[in-house]
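Just so it is clear, none of the values below were taken in a lab; they were calculated from the coordinates. Bear in mind that the values here come from a model prediction, so they are computed numbers and not experimental data. Glycine gets a Cβ as well: all are built from the backbone with ideal geometry, and neighbour counts include every protein chain shown.
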Amino acid sequence: MSQHNPQKDEQSSSHKKGISLPISRVRLIMKSSPDVSSINQDALFLTTKATELFVQHLARSSFNTGSGRETNSLSYSDLANAAEETETFHFLTDILPKKILARDYLKSLEEMQEEEADF
């Protein structure tokens, strides 16, 4: 017979109260890795909490250095600037590239092709 452990239930419910990201989504992302066969509940909670803290840190840093302080808002460009300008977030530059207008991209593409033609 299995015994019901109220202390374990109390711990898991207190863990869930301390986070705001959905644990089921984090579990799904973790299980999408072929290297992961099973996920310990404590590891799942800690990964979820660490992800939440990282997102908060990124948002605060982006807000404090971004242009949204006047309007009390956070925009994509604030996040992209933080990723590019802050060494801690530099690994995010591929995920959060700066937006560029199509005409500016086409112009830079033409310039690159002209430079290649000169060589």
Quiz item: trypsin sites (Lys or Arg not before Pro), restricted to the stretch 20-115: which are DSSP loop and have at most 14 other Cβ atoms within 10 Å?
Solution: Lys98, Lys99
Quiz item: So which aspartates and glutamates can Lys31 reach, going by Cα to Cα under 20 Å and dropping same-chain residues fewer than 8 places off?
Solution: Asp42, Glu52
Exercise. Quickly work out the Ala43-to-Leu28 label distance, labels modelled 7 Å from Cα along the C-beta direction, and quote it in nm with one decimal.
Key: 2.1 nm
